[in-house]
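Asker: Attaching a single structure in C-alpha cells format; questions to follow.
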Amino acid sequence: MFNLFKKIVTSALVWEARLAVRRWKPKIIGITGSVGKSSAKEAIAAVLESRYRVRKSLKSYNSELGLALAVFGLKTAWHNPFGWFKNIICGFQEAFNLHRGKPYETSPQILVLEMGVDRAGDMDRLLRVARPNIGVVTAIGEIPVHVEFFAGPEELALEKSNLIKNLTFGDLAVLNFDDDTVLGMKKNTGAKIVTFGFGSGADIVASNYKISDDGGAGVSFKIEYEGATVPVRLRSAFGKQAVYASLAAVAVGIACDMNLIEISEALSKYKPPTGRLRLLSGIKNSSLLDDSYNASPLATHAALDTLQELAAVRKIVAFGDMLEIGKYTIPAHKAVGEKVAKIADYFIAVGPRSRFAADGAIAQGMDKDRVYCFSTSKEAASFIKSLVQEGDTVLIKGSQSMRMERITEELLANPEEADKILARQDKYWKNKE
C-alpha cells in the first residue's frame with residue numbers, strides 16, 4: 001500500500017517540479033558521480049550563494065522524488081502521509097506562485113541538484129524532472145558503489161554519463177581530470193568542457209595542498225586558472241575530496257561570472273556535509289575522523305590516505321562493510337585491509353564482509369592481536385570506547401546500512417551535539433535498527 005502511495009506522491013511532486021522549473025527558468029546545475037556528489041553540491045552552493053538566490057538538494061536527496069523535493073526546498077516526510085500531503089500543497093503553491101506578493105521575486109535563480117544513479121534508466125528519469133545547463137561529474141573509480149545492479153563498472157559509468165550526453169551547445173560539462181572514466185565522458189557531449197584536478201593538464205588545477213590538524217584544522221591549497229593563482233583555506237574540511245569539491249565549485253563559479261577572489265572568499269565558508277571526513281573531538285582528548293555516511297572502495301582508500309596524513313599517537317580504523325559492489329566484494333575488502341595494515345595501529349572490522357578486510361590486514365603483516373571483528377556497529381562502539389586513549393585518531397567508515405555513525409556518537413566528547421554534526425540523526429533513522 002505504501003509503495004502505491006509513494007508512486008502517487010512522486011508523480012504529483014515531479015509534475016509540480018517540472019512546472020516550476022519551466023516557469024522559473026533557473027540555471028540548473030546537475031551533479032553526478034559515485035563519490036563526492038554531496039560535497040561538491042555543498043561547495044558549489046557555498047560559492048553561488050554569495051551572489052545568487054540558490055536552492056540546493058537537501059542532505060543527499062538525489063532520486064526522482066528527492067529531486068522534486070529539492071526543487072521546492074522540501075524535506076522528506078518519510079512514512080507520514082499528512083507530511084507528504086503538506087509537501088504536495090507546498091509544491092503546488094510554489095509552482096503557481098500562490099503565496100507571494102510579486103511573481104518569482106524569491107524563486108531560485110540557480111538550482112544545485114544531486115543526481116544519483118542506482119539502476120539503469122535512473123538518469124533519464126532525473127533529467128525529465130530538471131535538465132541541467134551545467135553538468136558536473138565528480139569521480140567514478142574502478143569499483144563504484146551500486147555496481148552490483150549493472151553488468152559492470154562501464155555500464156554504470158555509461159548511465160551516469162547520460163547527464164553529460166544530454167548537455168547541448170551553450171551548456172557546460174565540468175569533469176574530473178584525474179578520473180580516467182570521468183575524463184573519457186568528454187567525447188560524449190557537444191557542450192563546452194572544463195576539467196579540474198591535481199593533474200597539470202586540467203583547466204583548473206589545485207597545487208600546494210597541505211593538511212593541518214592543529215588549532216586551524218583544515219586544508220589549504222592554491223587554485224590555478226588561466227595564469228592566475230589564488231589561495232584557499234578550508235576549515236573543518238579534510239582530505240583531497242574536499243579539494244575536488246572546491247575545484248568543481250570554482251568551475252561552476254567561473255561559469256556564473258564570478259572571479260577567483262570572490263570564489264576563494266566564498267569557499268572559506270564551505271563545510272563538508274555530515275559524515276564526510278569531518279574531524280571531531282572525541283573522548284579522552286582523542287580525535288574522530290568521521291567519514292561514516294557511506295563507503296565505496298575509492299572513498300575508503302581516500303579516507304585512509306587522509307588518516308595517514310594526520311598526526312596521532314595511535315591510529316585506529318573502524319571499518320564497516322562496503323555494500324552493493326557485487327562480485328568485487330572480496331577483493332575490494334581485502335585491498336582495504338592491506339592498506340589499513342600499512343597505516344593503522346588497530347583495525348576494527350564491522351560486518352561479515354569486513355572480515356575479508358581483517359584477513360587482508362593480517363596477511364599484510366598486521367598483528368592479529370590488533371585486529372578485531374564485530375557483527376554490528378553497536379558492539380564495536382563499546383569496544384572502541386574502552387580502547388581509545390588520549391592522542392588517538394579514529395577513522396570511522398562504512399556503508400550507510402552499517403550505521404557506523406553510532407560508533408562516532410559513542411566516542412564524541414560532546415554527544416549532545418550529535419544531531420548537529422553526525423549523519424542520520426533524524427527520527428526515522430534513530431528509530432531504525
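Asker: Quick one: how many residues across region 191-217 are more than 18 Å from ASP178 (Cβ to Cβ), at pLDDT below 90 and either among the small types (Gly, Ala, Ser) or in contact with a helix residue (DSSP H, G or I) (Cβ under 7 Å, 6 or more places away or on another chain) (or both)?
Answerer: 4
Asker: For region 117-126, what are the residues that are in contact (Cβ under 8 Å) with a residue 60 or more places away in the chain and outside any loop (DSSP other than H, G, I, E, B)?
Answerer: Residues satisfying the conditions are MET123, ARG125, LEU126.
Asker: Do the conditions hold for ILE89, that is, is it surrounded by fewer than 23 Cβ atoms within 10 Å (Cβ to Cβ) and either farther than 24 Å from ALA157 by Cα or at pLDDT 95 or above (or both)?
Answerer: Yes.
Asker: Still on this structure: Take LEU158 and decide whether it is aliphatic (A, V, I, L, M), in a helix (DSSP H, G or I) and modelled with pLDDT of 95 or more.
Answerer: yes
Asker: Which residues, counting only those in region 127-155, are β-branched (Val, Ile, Thr) and in a strand (DSSP E or B)?
Answerer: Within region 127-155, ILE134, VAL136, VAL137 meet the criteria.
Asker: Just one of the numbered conditions (1) touching a residue at least 40 places away in the same chain (Cβ under 8 Å); (2) surrounded by 19 or more Cβ atoms within 10 Å (Cβ to Cβ) is not true of VAL232; which one?
Answerer: (1)
Asker: Still on this structure, I have one more. Being within 15 Å of PRO108 (Cβ to Cβ) and among the hydrophobic types (A, V, I, L, M, F, W, C) is the filter here, so list the residues in region 1-34 that pass it.
Answerer: Of everything in region 1-34, those that are within 15 Å of PRO108 (Cβ to Cβ) and among the hydrophobic types (A, V, I, L, M, F, W, C) turn out to be ALA17, LEU19, ALA20, VAL21, TRP24, ILE28, ILE29.
Asker: Further, regarding this structure: Name, by its number, the condition in (1) without any contact (Cβ under 8 Å) to a residue 40 or more places away in the chain; (2) surrounded by 23 or more Cβ atoms within 10 Å (Cβ to Cβ) that does not hold for ASN176.
Answerer: (1)
Asker: Something else: Are any residues in region 1-31 more than 26 Å from the chain's Cα centre (by Cα), closer than 30 Å to VAL252 by Cβ and of a type in the set (A, V, I, L, M, F, W, C), and if so, which ones?
Answerer: Across region 1-31, the qualifying residues are TRP15, LEU19, ALA20, TRP24.
Asker: Can you confirm whether region 204-221 contains a residue that is within 21 Å of the chain's Cα centre (by Cα), surrounded by 15 or more Cβ atoms within 10 Å (Cβ to Cβ) and farther than 22 Å from THR138 by Cβ?
Answerer: yes
Asker: What are the residues in region 319-339 that are among the hydrophobic types (A, V, I, L, M, F, W, C) and out of contact with any Gly (no Cβ under 8 Å at 6 or more places or on another chain), if any?
Answerer: Matches in region 319-339: LEU323, ILE325, ILE330, ALA332.
Asker: So PHE149 passes all but one of these: (1) buried (at least 22 other Cβ atoms within 10 Å of the Cβ); (2) within 21 Å of MET322 (Cβ to Cβ); (3) not polar (S, T, N, Q). Which condition number does it fail?
Answerer: (1)
Asker: Has region 64-74 got any residue that is among the aromatic types (Phe, Trp, Tyr), surrounded by fewer than 17 Cβ atoms within 10 Å (Cβ to Cβ) and either touching a helix residue (DSSP H, G or I) at 6+ places or on another chain (Cβ under 6 Å) or assigned by TED's automatic domain parsing to the domain that holds ALA251 (or both)?
Answerer: For region 64-74, residues among the aromatic types (Phe, Trp, Tyr), surrounded by fewer than 17 Cβ atoms within 10 Å (Cβ to Cβ) and either touching a helix residue (DSSP H, G or I) at 6+ places or on another chain (Cβ under 6 Å) or assigned by TED's automatic domain parsing to the domain that holds ALA251 (or both): absent.
Here's the yes/no breakdown for (1) small (Gly, Ala, Ser); (2) out of contact with any Ser or Thr (no Cβ under 6 Å at 6 or more places or on another chain); (3) modelled with pLDDT under 95; (4) crowded, with 18+ Cβ neighbours inside 10 Å:
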position: LEU395; (1), (2), (3), (4): no, yes, no, yes
position: GLY398; (1), (2), (3), (4): yes, yes, no, yes
position: MET404; (1), (2), (3), (4): no, no, no, yes
position: LEU412; (1), (2), (3), (4): no, yes, no, yes
position: LYS420; (1), (2), (3), (4): no, yes, yes, no
position: LYS427; (1), (2), (3), (4): no, yes, yes, no
position: ASN431; (1), (2), (3), (4): no, yes, yes, no
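Asker: On the basis of being buried (at least 16 other Cβ atoms within 10 Å of the Cβ), closer than 30 Å to ASN414 by Cβ and of a type in the set (A, V, I, L, M), does LEU247 make the cut?
Answerer: It is false that LEU247 is buried (at least 16 other Cβ atoms within 10 Å of the Cβ), closer than 30 Å to ASN414 by Cβ and of a type in the set (A, V, I, L, M).
Asker: I want to confirm something. Restricting to region 256-301 and keeping residues that are of a type in the set (Asp, Glu) and in a helix (DSSP H, G or I), which single residue is surrounded by the fewest Cβ atoms within 10 Å (Cβ to Cβ)?
Answerer: Among residues in region 256-301 that are of a type in the set (Asp, Glu) and in a helix (DSSP H, G or I), the one surrounded by the fewest Cβ atoms within 10 Å (Cβ to Cβ) is GLU265.
Asker: Could you identify the single residue in LYS222, LYS165, LYS186 that is among the basic types (Lys, Arg) and touching a residue at least 24 places away in the same chain (Cβ under 8 Å)?
Answerer: LYS165
Rundown of residues vs (1) at pLDDT below 95; (2) surrounded by 17 or more Cβ atoms within 10 Å (Cβ to Cβ), yes/no style:
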| residue | (1), (2) |
| --- | --- |
| ALA311 | yes, no |
| THR329 | no, yes |
| LYS334 | no, yes |
| ALA344 | no, yes |
| PRO352 | no, no |
| ALA358 | no, yes |
| ALA361 | no, yes |
| MET366 | no, yes |
| ALA381 | no, yes |
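Asker: Search region 31-58 for residues that are part of a loop (DSSP other than H, G, I, E, B) and pair each with any residue that is of a type in the set (Asp, Glu) and modelled with pLDDT of 95 or more when their beta-carbon atoms are under 6 Å apart and the residues are at least 6 apart or on different chains.
Answerer: Here the result reads SER57/GLU114, each pair linking region 31-58 to a residue that is of a type in the set (Asp, Glu) and modelled with pLDDT of 95 or more.
Asker: Can you tell me how many residues in region 236-255 are touching a helix residue (DSSP H, G or I) at 6+ places or on another chain (Cβ under 7 Å) and part of a loop (DSSP other than H, G, I, E, B)?
Answerer: Final tally of qualifying residues: 2.
The values are calculated or read from the model by the stated rules, or taken from the named source; none is laboratory data. As the structure is a computational prediction, the values presented were derived from the model and not from experiment. Here Cβ is always computed from backbone atoms with ideal geometry, including for glycine, and neighbour counts include all displayed protein chains.
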